[in-house]
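To start, the structure itself, in C-alpha cells.
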Amino acid sequence: MKKKLKMAVIGGGSSYTPELIEGFINRYGEMPVEQVYLVDIEEGREKLEIVGALAKRMVEKAGVPIEVILTFDRREAIKDADFVITQLRVGLLEARGRDEHIPLRYNAIGQETTGAGGFAKAMRTIPVILDICKDIEELSPDAMLLNFTNPAGIITETVLKHTNVKSIGLCNLPIGIRMQMAKLCDTDLDNVFIEMIGINHLNWTTKIVVDGIDVTKEVLSKASEAKGLTMKNIPDFGWDKEFLQALGALPCSYHRYFYMKDEMLAEQLESVKTKGTRAEVVKRVEEELFELYKDPNLAIKPPQLQERGGAYYSEAALNLVSSIYNNKGDIQTVNVQNNGIIPCLPDDVSVEVNCVIDSQGAHPIQLSTEITPQIRGLLQVVKAYEELTVQAGVTGDYDTAVQALTINPLVGSVNLAKSILDDVLAENKKYLPQFN
C-alpha cells in the first residue's frame, strides 16, 4: 500500500486555503492525504483560526479521514512532511499596498510581482524562504517544496541557487491560459495542448494545439477581439491584432505592463483615485471572504473565492502533487532550473516551461518552437533583472539592487531606481534583515 501523505502549508491562514482543502478532499482517492498542517505566524492568528475551522468542517462534511492541524510551529509542520507548500505574504496586505504605492509616487507602475513592486516583495520574501529551506534541509530533506509565493520565479530561483531543497515553482497562470484557450476554441480542456516559453509572469504561448491540430495562427487572429484573456487582477485591455501576428505568440496577461506601459500606468493612477490600489481592493474582498468563512454552517469553498486573482490555484498545485505521488509522467507548465532548455538564458536560472512530471519531480521538455528576437529581447532583460534581484535579496547589497531596478523596463532610470529603492528600504526596514 502506498504511503499516506503529510502536507505542510506555510501561509495556512490564506484566503486561498479552502480551495486547497477542497482539492485534497476531491482527490483523496488518488492521493491519500493523512495530515494537513496549516502554519502561520502570530500576526495571522485570527485568519488561521477562521480558515482552519472552515477546513475542518469541509473535511468532516466530505467524510474523508484527513486531519487538519493548525500550528504556529513551522518546524513541527515541516518535520517528515512529504510536500511543503509555500503561499505566504511577508508583511501581509499592508506591505503589498506599499509595493503598489511607492512606484506610483514616481509615475512608475506599481504591481505586486512585476517591476519595482515585485522587487520589494522579493526583498522581503527571500530571507524567509531561505529560513524555511534550512528547516526543510534539517527536518525533511526528501520533501518537495512547491512554491506559490510571488514573485514565484524569483523565489524559485533563490531556492535553486542557494539551497539543497528539491523545489518546483508554481503559478495558476499557465492552467488559466489553457482554460482560456479551451473556451476560445469551444472545446474541452483535455483537448488543448500549449507550449509556453519564458519565465514566471513573462511567458509566451508559442504553440496551441487542439485535437491534434495546430491552431496558433487562428487563435492569434481571434485573440485581439476576445475578452477574458486576462487574470482577475489585470485590466482586460485587448491586444493589437497586427502586433500579435508579428509577435507570432500569445503574450500572458502580465505582458500588458511591458507592451502597454502607458495605458496600464494611466489605468493604475486613475484606479488609485477611485477604488484604491489592487491591495486595497483585495483587502475588501478578503474581509468579505473571512466573514463568509466564519459562518459555522459553511462547509464548502464559497464561490466568491473565484474573485481573488488566484483562481485554479489548487488545480495547479494538486495536479502537480498527484503526478509526483502517482508517477504519472504527464505534462505541466512549471518553474524549474533552465539547464539549456531556453538556450538564450543561463543554465542556473528559473524558467517556466512544459515539463514531464513523475515521482522524481519535473523534467523540462525540449522546445519545438523557435525563440524569436522579439521574445528573446524582453526575456533576457527581465531575466537579468531577476538574477540581480536574487543576488540583492540574498546579500543585501545596495548597488546590486540599484542595478536590478535600473535595467527593469518598468523603471529604467538610475535616479528613479535609487528613489524607489530608498523608499522601499525605509518603509520595509523590519522585513529586510539583509540590508540592516
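Listing for the model above:
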{"item": "Whole-Å distance, taken between Cα centres, linking the range 358-380 and the range 277-308", "result": "36"}
{"item": "Among the listed pairs Lys47/Lys79; Lys47/Lys294; Lys47/Lys166; Lys283/Lys430, those beyond 20 Å (Cα-Cα)", "result": "Lys47/Lys79; Lys47/Lys166; Lys283/Lys430"}
{"item": "Those aspartates and glutamates that a straight Cα-Cα span of less than 15 Å connects to Lys273, excepting residues fewer than 8 apart in one chain", "result": "Glu100"}
{"item": "FRET efficiency for Phe237 and Lys4, using Cβ-Cβ distance with R0 set to 56 Å, rounded to 0.05", "result": "0.75"}
{"item": "Reachable lysines from Lys207, criterion Cα separation under 23 angstrom, eight or more residues apart if same chain", "result": "Lys183, Lys217, Lys222, Lys227, Lys241, Lys383"}
{"item": "Proportion of all alpha-carbon pairs of the chain beyond 39 Å (%)", "result": "15"}
{"item": "Local net charge near Trp204, Cβ-Cβ under 14 Å (Lys/Arg +1, Asp/Glu -1)", "result": "+1"}
{"item": "Length released on extending from Leu298 to Glu263, taking residue separation times 0.36 nm less the Cα-Cα span", "result": "8.5 nm"}
{"item": "Calculated FRET value between Val272 and Lys418, using beta carbons and R₀ = 25 Å, to 0.05", "result": "0.60"}
{"item": "Separation of the Cys344 and Arg75 label points, Cα + 7 Å toward Cβ, nm", "result": "4.7"}
{"item": "Relative contact order of the range 1-75, defined on C-alpha pairs under 8 angstrom at six or more residues apart (%)", "result": "39"}
{"item": "Full-extension gain in nm, His363 to Arg105, via 0.36 nm per residue minus C-alpha separation", "result": "88.6 nm"}
{"item": "Ser167 - accessible surface, heavy atoms, 1.4 Å probe, Å² rounded to 10", "result": "20"}
{"item": "Gain upon complete extension [Tyr398, Asn191; 0.36 nm per residue less C-alpha separation]", "result": "69.6 nm"}
{"item": "Within the chain, helix-based [θ] at 222 nm, where runs of 4 or more DSSP H residues each add -39,500 (n - 2.57), nearest 500", "result": "-15000 deg cm²/dmol"}
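The values are calculated or read from the model by the stated rules, or taken from the named source; none is laboratory data. Values in this document were obtained by computation on a predicted structure and should not be read as measured data. Glycine also receives a Cβ, built like all others from the backbone with ideal geometry; neighbour counts cover every protein chain displayed. Note: accessible area is taken over every heavy atom of the protein model, side chains too, but ligands, DNA and RNA are not part of it. Shrake-Rupley method; radii C 1.70, N 1.55, O 1.52, S 1.80 Å.
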